[in-house]
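As structure tokens, the structure follows; a few thoughts come after it.
The values are calculated or read from the model by the stated rules, or taken from the named source; none is laboratory data. Just so it is clear, the model here is predicted, and its values are computed rather than measured. Neighbour counts run over all protein chains shown; Cβ positions are idealised from the backbone, glycine included. To get the accessible areas, we keep the full protein, side chains included, count just its heavy atoms, and leave off ligands, DNA and RNA. Shrake-Rupley method; radii C 1.70, N 1.55, O 1.52, S 1.80 Å.
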Amino acid sequence: MHGAVPEADLLRGFIRDRRNWPGPVLVDRDSRSTWENVSNIVPLVERFDRIIFASNGLHAEKARAYLLRQRPDLAARLAAADDYRFGEMALFKPLFAAVGLRKLRTLRRG
């Protein structure tokens, strides 16, 4: 958490208020890494037919890859969110993309 409100709570609010999602939204406020986050949410999501990671595109892709590694039996339930929004963080996106792609390549090799 870098601000006063955890990212999980901000995303839950966005999903509820801006996307009008009426279904359950489960959050994990305790994780300190994406790997840990995926591990912590498995008991929360394994009963659902569809699993969606709400985050930026590369981070969500990393979470999907981690779920595939940790629980391959749940991978078929993954669904993509609206990961890309035109113009979002346009100045920083190239840097984030380079770092994210490097991490994904490392993940795929390991």
**Request:** Name every residue in segment 43-64 that is open to solvent by less than 80 Å² (accessible area, probe 1.4 Å), at pLDDT 90 or above and farther than 21 Å from TRP21 by Cβ, in order of residue number.
**Result:** none
**Complete:** The number of residues in segment 1-28 that are part of a loop (DSSP other than H, G, I, E, B), aliphatic (A, V, I, L, M) and open to solvent by 70 Å² or more (accessible area, probe 1.4 Å) is 4
**Item:** Residue list for segment 29-40, filter: more than 11 Å from the chain's Cα centre (by Cα) and open to solvent by less than 30 Å² (accessible area, probe 1.4 Å)
**Value:** SER31
